[in-house]
Amino acid sequence: MTFGEKLKEVLDQKDITQKKFAAKVNISESAISDYVNNRRLPNIILICDFAKELGVSVDYLLDYKPNSDSIALSPTELELIKTLRTLPKEKQDLLISLIDMLSEK
């Protein structure tokens, strides 16, 4: 997946318009459009800013997978992990049991 496709995917998932995102990261809407449509690539500083603003990793935005054992987490998966970490241990265990039950075939 290209950088532009990944950026568009995250913006769509988070229901953020290109115009709103451009304002949040303080660049022009046309620059965001160029990135989304793969006409240009942002520099590494902007990519870091984008990742921070969108709540995803740089690796995720770049669709980088260092080896076959690693996976990139979607924004939804990252949010679930953050929420899980805030729960007390007994609720974490309960949630993991529920996930195990739901994933049984």
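Tabulated data
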| item | result |
| --- | --- |
| Unsatisfied cross-links (Cα-Cα over 32 Å) in the set 19/82; 8/82; 24/65; 24/82; 14/65 | none |
| Projected label distance in nm at residue 41 and residue 59, using a 7 Å step from Cα toward the beta-carbon | 1.9 |
| Packing rank of 57-66, 4-13, 77-86, where each peptide gets the mean count of other beta carbons within 10 Å, highest leading | 4-13, 57-66, 77-86 |
| Spin-label pair residue 49/residue 103, simplified geometry with 7 Å Cα→Cβ offset, distance in nm | 3.8 |
| Over the range 3-103, relative contact order from alpha-carbon pairs under 8 Å, at least 6 apart, % | 23 |
| Nearest-20 debye value, the chain charge dipole, Cβ charges on Lys, Arg, Asp, Glu | 340 |
| Rough spin-label spacing in nm, given labels placed 7 Å along Cα→Cβ, for residue 96 and residue 74 | 2.4 |
| Residues 2, 76, sorted so that the one with the fewest Cβ neighbours within 10 Å comes first | 76, 2 |
| Cα-based Rg of the chain normalised by 2.2 N^0.38 Å, two decimals | 1.29 |
| Candidate aspartates and glutamates for bridging to residue 20, where Cα separation is under 17 Å - those fewer than 8 sequence places away on the same chain excluded | 9, 12, 29, 34, 49, 53 |
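Values quoted throughout were computed directly from the atomic coordinates according to the rules given, and no laboratory measurement underlies them. Given the structure is predicted, the values throughout are model-derived calculations rather than measurements. When we count neighbours, we look across all protein chains shown, and the Cβ atoms used for this are built from the backbone with ideal geometry, even at glycine.
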